[in-house]
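S.K.: A single structure is presented below for examination.
Bear in mind that the values in this text are calculations on the coordinates, not laboratory data. Predicted, not measured: the structure shown is a model, and the values here were computed from it. FYI the Cβ positions are ideal-geometry reconstructions off the backbone, even for glycines, and counts take in every protein chain you see.
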């Protein structure tokens, strides 16, 4: 094994790319869960976004249109979840699972004929002189648009939840939907909006996988990224900044194990490939072992059905 | 203005009628999907639901397949339904299924080529223990650290898949296989093979186990204290605690049982229809079983029927792929759709629909 082939700077740069899809999906889910809805369909929405984005980008040769289509497609899919859980009052856990199962099937269906194609390249964002800064320029300022969008989204979600009226209403709906309803807030409408936002974010994350990260379409290509995003929301104790940390930590593990595979570490490839999942589980355990905090930070109405009796 | 009014108790009529309604709605929506794919919807639906059983040419082959496909689905779904009833969500059955298969096949390969009566029983025990142990990981983490069992059990599926790949490529690779991935074929090792019990029916030990599981689950839920505790916990966790139910014990039992049953299903599959450990021998039964459990209303008899129906869509899907060129993924989307419709129409079970103006409260 030759560890010197691993360049730490390249590692950090590729870590950001590896973490972006999960960060986007986790941020979307964070907003959804803050509104008191548990959507376990992130995986299904991500993969639907991945194929919608890929197909449109290939057909139009425009990655930007692809990303938009991915957001629209996944948001549309998330609305199925929204209608079922918010209007038809279905169980959120079961419906989320259904969304994942359906999304995997639908994406494989839509993706026929797109296997093995190459998507149009997503251009790097030109940040002018910043890109020329030695070392940092290459690591931090030579990425494509979506990486910066995801970082901006972290700040935007954080500020929205903390400083705006919208954030306050969203949190009120998530903490106590009956009280929010009594105050005159439209619980169902707010939750539907949050679910759609979550869907769009997951779709964007999925499209980033198929258009930039891999970049290719294969069936089931998200390979659990959506579930890891869900775990990162728990890890983050529903705080956007911590979600960034969690996603980058996970991205780091993923990239590192890929590099170790390439460097020929004397461990079968499969054991390295399973390490990101094992580390996610480990992190979940550590977070949930802290008795007080996990219970306090979860939105109180998470996963509960809201039915206005009057 | 349409309004929903909560029923004091779930409607008995709709409890039975909603799965049927969901199947009919799925056929309509599925027909639209197939029409969109350029296939004749009526023909596609007939090919999926009718031809596997009654087609003059293919039925003789596909009819036994019904039990082969339905067996593992029923076996896994019965286990899942116990937990689902109590609000314990094991969605990693696919992983437990894989580990059960690896453990069972491991025993068989360790004894190869010994011909002894005890090889197969030992494999069964190993398979069940493997699935049980894999399910104990989320169970223990849940009881000790309150870690979310949904995420842990699901993430462990990916770990199990990697483990399966490493087994098929490494430890369990057939030494006489010319370097190809995959283990020895257990079908050709009589002491370990899980063959047909009654020729031409598709009935193997896994199917028998599934039927036994249905009966035991029925007795458990209706006649046994543990079944009562499970149902009570599902309806009101707080009341259950006052009634002396120990939630942690229930988590261990429910996850352990579902894991053991999923492991058994995996073992019977690898020793029977699949025949060998290969990279992709798992066909997603562990996930489809979730649909089966819900479609069967978490009731043993319902699961039996739902498992047969789901098995039918598998065979019908294969047939439609062969005869109409319907893509395999279409049937997967079709199965997902079924769960959507089921969850959607379920509103009729728990709520009454009132049409009219809302009077001021």
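S.K.: Say we join alpha carbon atoms closer than 10 Å with springs in a Gaussian network model of chain B; which of B:124, B:214, B:347 then has the biggest fluctuation?
M.R.: In this elastic network of chain B, the residue with the biggest mean-square fluctuation among B:124, B:214, B:347 is B:347.
S.K.: When the Cα atoms of the range A:3-297 are enclosed in a convex hull and the volume is divided per residue, what value in Å³ results?
M.R.: 144 Å³
S.K.: Based solely on its DSSP helices, what 222 nm [θ] is calculated for chain B when runs of n ≥ 4 H residues each add -39,500 (n - 2.57) and the sum is averaged over all residues, nearest 500 deg cm²/dmol?
M.R.: Dividing the helical sum by the residues of chain B leaves -23000 deg cm²/dmol.
S.K.: By the gyration tensor of its Cα atoms, with a ≥ b ≥ c the square roots of the eigenvalues, what is the shape of the range B:100-248: rounded for a/c under 1.5, prolate for a/b over b/c, or oblate?
M.R.: Verdict is oblate for the range B:100-248.
S.K.: Quick check: the angle from helix A:92-110's long axis to the longest principal axis of chain A, C-alpha only, nearest 10 degrees?
M.R.: In chain A, helix A:92-110 runs at an angle near 40 degrees to the longest axis.
S.K.: Kirkwood hydrodynamic radius, chain B, all distinct C-alpha pairs: what's the number in Å?
M.R.: About 21.5 Å, per the Kirkwood formula over Cα pairs.
S.K.: I'd like to compare B:30-42, A:23-35: which one has the highest average count of other Cβ atoms within 10 Å, and what's the full order after that?
M.R.: A:23-35, B:30-42
S.K.: For the range A:234-296 and the range B:129-149, what is the centre-to-centre distance using only Cα atoms, to the nearest Å?
M.R.: If you average the Cα positions of each part, the centres end up 19 Å apart.
S.K.: Continuing with the same structure: Looking only at B:167, B:323, B:27, which one moves most when chain B is put into a Gaussian network model with springs between Cα atoms under 10 Å?
M.R.: Taking springs between Cα atoms under 10 Å, the residue moving most is B:323.
S.K.: Still on this structure, I have one more. Given the C-alpha centroids of the range A:19-88 and the range B:32-67, what is the distance between them in whole angstrom?
M.R.: Answer, in whole Å: 33.
S.K.: Once you keep just the Cα pairs under 8 angstrom separated by 6 or more residues, what percentage relative contact order results for chain A?
M.R.: Once divided by the residue count of chain A, the mean separation gives 37 percent.
S.K.: How shielded is B:337-349 by partner chains, expressed as the average number of their Cβ atoms within 10 Å of its Cβ atoms?
M.R.: That works out to 5 on average.
S.K.: Shifting gears a bit: Tell me, Kirkwood radius of the protein assembly as shown from alpha-carbon pair distances, in Å?
M.R.: 25.9 Å is the Kirkwood radius here.
S.K.: Among B:24, B:88, B:331, which one shows the biggest mean-square fluctuation in a GNM of chain B, springs joining Cα atoms closer than 10 Å?
M.R.: B:24
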